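*Asks:* Quick one: this structure, given as structure tokens, is what I'll be asking you about.
Each reported figure results from applying straightforward, stated rules to the coordinates on display, with no laboratory input. None of the values given here were measured: they were computed from a predicted structure. All Cβ positions, glycine included, derive from the backbone under ideal geometry; neighbour counts span all protein chains shown.
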Ligand SMILES: [Zn+2]
């Protein structure tokens, strides 16, 4: 029982941290979207790799400091067209832009890296399916990730 309660606490704590990260990513999206509207995929990819290789914890955008991690997640969402990599859903927001979530294949707590080949862009349903479903047959072949969750197989590009 004690173990179970501990797990619940950890899960709550992670959700608060996730929520704070989501908020920050939302703010970054709003502040960078305008000036990066015309960036093409190739340029975006270059910026992404620069950001992946940058070892600093924080990044300054328009005079405000954010976690580099959150800036990178925003770039990856944009690079993958804000589209769920499992079911292709896009969620258009009434004000502007799209809502989508970034998810680590190997969790950060287990040493998973903030890199394109460890990040999936997923809609909220698929994200929870990934977190709570029964995962089997996970593998990476070249730049493609395959996973079976609750007996259904999904495939996503990690480029
Ligand atoms: Zn989805």
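*Asks:* Working from Cα positions, state the angle (0 to 90°, nearest 10) between the long axis of helix 41-53 and the longest principal axis of the chain.
*Replies:* 70 degrees
*Asks:* Would you mind putting 131-142, 68-79 in packing order, based on average other-beta-carbon counts within 10 Å, highest first?
*Replies:* By packing density, highest mean first, the sequence is 68-79, 131-142.
*Asks:* Calculate the length of the line joining the C-alpha centroid of segment 97-159 to that of segment 66-93, in whole Å.
*Replies:* 13 Å
*Asks:* Ok, one more. Go ahead and run the numbers for FRET between residue 131 and residue 20, Cβ-Cβ distance against an R0 of 22 Å, rounding to 0.05. Could the numbers behind the result be given before it?
*Replies:* Values: r = 18 Å, r/R0 = 0.80.
About 0.80, to the nearest 0.05.
*Asks:* To the nearest 500 deg cm²/dmol, what mean residue ellipticity at 222 nm is calculated for the chain from DSSP H runs of n ≥ 4 alone, each contributing -39,500 (n - 2.57), summed and divided by the residues?
*Replies:* Numbers: 4 runs with 69 residues, N = 159.
Calculated at 222 nm, the ellipticity per residue is -14500 deg cm²/dmol.
*Asks:* Another one. Working from Cα positions, state the angle (0 to 90°, nearest 10) between the long axis of helix 68-79 and the longest principal axis of the chain.
*Replies:* Roughly 90 degrees, rounded to the nearest 10.
*Asks:* Now a separate question. Express in nm, to one decimal, how much length is gained between residue 106 and residue 157 on full extension, taking 0.36 nm for each residue of separation and deducting their alpha carbon distance. Intermediate values should be presented prior to the final figure.
*Replies:* Details: separation 51, 0.36 × 51 = 18.36 nm, distance 1.55 nm.
Between residue 106 and residue 157, full extension yields 16.8 nm more.
*Asks:* Describe numerically, in nm with one decimal, the distance between label points set 7 Å from Cα along Cα→Cβ at residue 113 and at residue 46.
*Replies:* Taking the two extended label points, one gets 2.2 nm.
*Asks:* Let me ask something else. How many times 2.2 N^0.38 Å is the alpha carbon radius of gyration of the chain?
*Replies:* On the way: Rg = 16.2 Å, N = 159, 2.2 N^0.38 = 15.1 Å.
Its radius of gyration relative to the 2.2 N^0.38 Å reference: 1.07.
*Asks:* Here's another thing I want to ask about it. Counting other C-beta atoms within 10 Å, which of 14, 23 has the fewest, and how do the rest follow?
*Replies:* Neighbour counts put them in this order, fewest first: 23, 14.
*Asks:* Does anyone have the angle between helix 2-36 and the longest principal axis of the chain? Alpha-carbon axes, 0 to 90°, nearest 10?
*Replies:* Value to nearest ten degrees: 20.
*Asks:* Once you order the gyration tensor axes a ≥ b ≥ c over the Cα atoms, which shape class does segment 61-104 get: rounded for a/c under 1.5, otherwise prolate or oblate by comparing a/b with b/c?
*Replies:* Values: a/c = 2.93, a/b = 1.53, b/c = 1.92.
Verdict is oblate for segment 61-104.
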